Ligand SMILES: [Zn+2]
């Protein structure tokens, strides 16, 4: 009988087998399926089309706990904090994580920070991928200097008034006059 596993998760028995074989699991994950990453994209984009390619290579760790080497490449759509436009942030993650079951096990390691907590002995690859990509993203994403973003920044006090007019400003008046509350 197979133990039921979480959707997209690797159960403890399968995990032990992957470690014993030193196996590599490859995954392609749409950014749109990773809620926390997708939330960082401009609303109109919401991670559409962007994809992360990940490889997880399992091995027996030197300190008595199994390890997974995670390599992720791809692109994550972010909001540029200077122009608020779409910033296509390249991602390149390469980390070696020790798999532990709780904080106590993590505390006994030489490097307690490069760990991943197993849930019921199992691993959810997409969650690990998302966690590590989030950590690798810049705190304040911005287009690089010399890109169209940099050249679009207006000097202070010289806002183009042409961008300030509001073509919908008269719409509220029209709706008020023809609205359903008119019969009172
Ligand atoms: Zn920008």
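Just so you know, all these numbers are worked out from the coordinates, no wet-lab data involved. What you see is a predicted model, and the numbers here were worked out from it, not measured in a lab. In this analysis, Cβ positions are derived from the backbone assuming ideal geometry, glycine residues included, and neighbour counts consider all displayed protein chains.
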State the extension gain, in nm to one decimal, for the chain segment bounded by residue 63 and residue 134, taking 0.36 nm per residue of separation less the distance between their alpha-carbons.
-> 22.9 nm
Between residue 16 and residue 73, what FRET efficiency follows from the Cβ-Cβ distance if R0 is 35 Å, with the result rounded to 0.05?
-> 0.80
Give me the number: length gained by fully extending residue 142 to residue 23, i.e. 0.36 nm times residue separation minus the C-alpha to C-alpha distance, one decimal in nm.
-> 39.1 nm
For the residue pair residue 126 and residue 94, what label-to-label distance in nm results when each label sits 7 Å from Cα along the Cα-to-beta-carbon direction?
-> 2.7 nm
At the level of C-alpha centres, the distance separating region 83-118 and region 8-78, in angstrom, is 11 Å
